[in-house]
1. If I stretch the segment between K122 and Q89 completely, what's the gain in nm (0.36 nm per residue apart, minus their alpha carbon distance), one decimal?
2. Once you place label points 7 Å from the Cα toward the Cβ at V10 and F45, how far apart are they in nm?
3. With Rg and the Kirkwood Rh both taken from Cα atoms, where does Rg over Rh land for the range 18-129?
4. Eight or more residues apart or on different chains, and alpha-carbon atoms under 27 Å: count the Lys pairs in the range 18-129 matching that.
5. Calculate the spin-label point distance for L27 paired with K112, positioning each point 7 Å from the Cα along the beta-carbon direction, and give it in nanometres.
6. Could you please report the charge total around V103, scoring K, R as +1 and D, E as -1 over all other residues with beta-carbon less than 14 angstrom from its beta-carbon?
7. What does the net charge come to around F15 if you take all other residues with beta carbon closer than 14 Å to its beta carbon, with K and R at +1 and D and E at -1?
Amino acid sequence: MGEIIIVFLVVLLLFGANKIPEFARMLGKGMNEFRKATDDIKREFEDSTNDLKDDLDDARQYINEQGQDIKEDIKRAGDDVKESFKESQKDVKDQVREETEDVKGAIEDASKDIYGLDNEGKRDEAGGSGVSEEEPGADLDQDHGEREDADDESIEDKK
């Protein structure tokens, strides 16, 4: 504060008392113009930043909309894949069921042929595999005996 008083006294001595009000007016006008210039710069800066903010908000909104569209597309694609999978699964189950029924029928037919049964499950005297009930596996023993004889002959040939 002491410096201001010294500056004021120097100006008073150099220019006189008549010039001080004129300097004060010039100083006031300069400060007023400086304030106006800074206000204009602030306003211009805020306007340009508001434009940038609006542009950023528009970009953010566009990105959010695109993100929602992508989410919906992915959800639809997932639902389509899920539906396709269910249909394929149903088709596979149907095919397995059909094949199982075919195999079951073939097994039943083979069982009837082997055990000599007719369609009602009764013994059919004309059919069957030729295996009697009294001697199960009799034909296997005969085959086994023949194979042993053949093996013995081949061993003797090698000697």
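Only the coordinates and a few stated rules stand behind these numbers; no lab work does. None of these values were measured; they are calculated from a predicted model. Cβ atoms come from the backbone with ideal geometry, glycine included; neighbour counts cover every protein chain shown.
1. The K122-Q89 span can extend by a further 7.9 nm.
2. Simple spin-label model gives 3.2 nm for this pair.
3. Checking Rg against Rh, the ratio lands at 1.93.
4. Pairs that pass both the separation and distance tests number 19.
5. Reported label-point gap for K112 and L27 is 12.6 nm.
6. -4
7. My count for the surroundings of F15 gives +1.
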